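Student: Quick one: structure below, then a few questions.
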Amino acid sequence: MKIFTTKKALTEHLEKLRGEGYTIGFVPTMGALHQGHLSLLASAQRQSDVTVCSIFVNPTQFNDPKDLEKYPRPIESDIAKLEQAGCDILFNPGVDEMYAPDEQWHLDLGELETLLEGKFRPGHYQGVTQVVYKLFDIVKPDLAFFGQKDYQQFLIIHRMIDLLKLQVKLVMCPILREPDGLAMSSRNIHLSAEDRQHAIVLSKTLNWLNENFDPNKIDLLQKECFGRINLEPSVKAEYFEIADGGNLHPAQPSTRNVVALVAAKVGNTRLIDNMILSS
Ligand code: AMP
């Protein structure tokens, strides 16, 4: 695997490959890699000639400085995992390589920015689009692979691509879970042994909803799920929403593409999960 830390060296290398007719598949990450990330890489490998993974803990998308500070950064083991998985190129820039001092950014992300995650993490999606735009501009991928795990992020990036008329095609990859159902996440390592057990309530509740979903009882089911999560010790739901998967508005009985999304604090760790109920 070739490792680049500067835009210039990566751009030059990719230009050569592009000139030879290779397609480029891109997997942006913040590192602390797990099987979920590696499944995105596997999809990229199946669908493109050259795979580029980036590891960059993007400061502008953290609304909580403590969260940024304690975000895991095990770069050596990440490199080993990518090598082992056969990734072609890693881009691992420092903050100064990605940002000039006092850089400004604003995109009109519409309502999507103020719903759900947007409500609880103000400014988060401005930071996400800012860094993903920069990364797309450097890598110029044909395909970019993102996880369903961050469902709202996927919609937001789609909107950015439409707004800025970018050429890249987005691919949504399924959520990888631990054997007991917990969605894999770099943040799971912060869970104490007890909280790790309590955290299962998120996927359990989504599964329960999936089995009991009735489009005529959306309000009732939503309240039931919110309640079930809050009954679990040391778990506090921020939202549990049954939404239209296209715009994240509350789902109606006639909504075709329904997705349930949840965010909760488990101890001090904030986790998100979702499940597509019908599409
Ligand atoms: P992150 O490093 O958390 O920014 O995630 C990088 C990419 O991996 C994003 O597109 C995430 O949606 C995706 N991802 C995170 N967790 C999972 C998972 N459990 N299964 C599949 N993809 C995931």
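The values are calculated or read from the model by the stated rules, or taken from the named source; none is laboratory data. Small disclaimer: the values here were computed from a predicted structure and weren't measured. Please note: Cβ atoms are built from the backbone with ideal geometry, for glycine as well, and neighbour counts cover all protein chains shown. Each accessible area value is taken on the protein alone, full model and side chains, heavy atoms only, with ligands, DNA and RNA left out. Shrake-Rupley method; radii C 1.70, N 1.55, O 1.52, S 1.80 Å.
Student: Would you check if ASN58 is under 26 Å from GLY267 (Cβ atoms) and of a type in the set (S, T, N, Q)?
Tutor: In short, yes.
Student: Since LYS149 meets every condition but one in (1) among the charged types (D, E, K, R); (2) within 16 Å of the ligand (Cβ to nearest atom); (3) open to solvent by 40 Å² or more (accessible area, probe 1.4 Å), which condition does it not meet?
Tutor: Failing condition for LYS149: (3).
Student: While we're on this one: Pick out the one residue from PRO28, PRO59, PRO74 that is farther than 21 Å from GLN130 by Cβ, within 15 Å of the ligand (Cβ to nearest atom) and either assigned by TED's automatic domain parsing to the domain that holds ASP142 or open to solvent by 40 Å² or more (accessible area, probe 1.4 Å) (or both). Lay out the reasoning, then the answer.
Tutor: Working: PRO28 fails: farther than 21 Å from GLN130 by Cβ; PRO59 fails: farther than 21 Å from GLN130 by Cβ.
The unique qualifying residue is PRO74.
Student: State whether one or more residues within the stretch 115-133 are farther than 18 Å from ALA183 by Cβ and free of Cβ contacts under 8 Å to residues at least 24 places away in the same chain.
Tutor: For the stretch 115-133, residues farther than 18 Å from ALA183 by Cβ and free of Cβ contacts under 8 Å to residues at least 24 places away in the same chain: absent.
Student: From the list ILE189, ILE156, which one is open to solvent by 60 Å² or more (accessible area, probe 1.4 Å), more than 16 Å from PHE26 (Cβ to Cβ) and part of a helix (DSSP H, G or I)?
Tutor: ILE189
Student: Next up: Could you look through the stretch 110-130, keep only residues that are open to solvent by 10 Å² or more (accessible area, probe 1.4 Å) and among the hydrophobic types (A, V, I, L, M, F, W, C), and pick out the one that is farthest from ARG270 (Cα to Cα)?
Tutor: LEU112
Student: Right, something else. For the subset of the stretch 134-146 comprising residues that are in contact (Cβ under 8 Å) with a residue 12 or more places away in the chain and open to solvent by 20 Å² or more (accessible area, probe 1.4 Å), which member is nearest to the ligand (Cβ to nearest atom)?
Tutor: Step one: of the stretch 134-146, the residues in contact (Cβ under 8 Å) with a residue 12 or more places away in the chain are 134-136, 138-146.
Next cut, open to solvent by 20 Å² or more (accessible area, probe 1.4 Å) only: 134, 140, 142-143.
Working: LYS134: 15, LYS140: 18, ASP142: 17, LEU143: 13 Å.
Only one residue fits best here, namely LEU143.
Student: Still on this structure: How many residues does the stretch 94-109 hold that are surrounded by 10 or more Cβ atoms within 10 Å (Cβ to Cβ) and either within 12 Å of GLY127 (Cβ to Cβ) or among the acidic types (Asp, Glu) (or both)?
Tutor: First pass over the stretch 94-109, keeping only residues surrounded by 10 or more Cβ atoms within 10 Å (Cβ to Cβ): 94-95, 97-99, 103, 105, 107, 109.
Still in the list and also either within 12 Å of GLY127 (Cβ to Cβ) or among the acidic types (Asp, Glu) (or both): 97-99, 103, 105, 107, 109.
Result for the stretch 94-109: 7.
Student: Kindly check whether there is at least one residue in the stretch 227-241 that is among the acidic types (Asp, Glu) and assigned to a loop (DSSP other than H, G, I, E, B).
Tutor: Narrowing the stretch 227-241 to residues among the acidic types (Asp, Glu): 232, 238, 241.
Those still in the list that are assigned to a loop (DSSP other than H, G, I, E, B) too: 232.
Yes, some residue in the stretch 227-241 is among the acidic types (Asp, Glu) and assigned to a loop (DSSP other than H, G, I, E, B).
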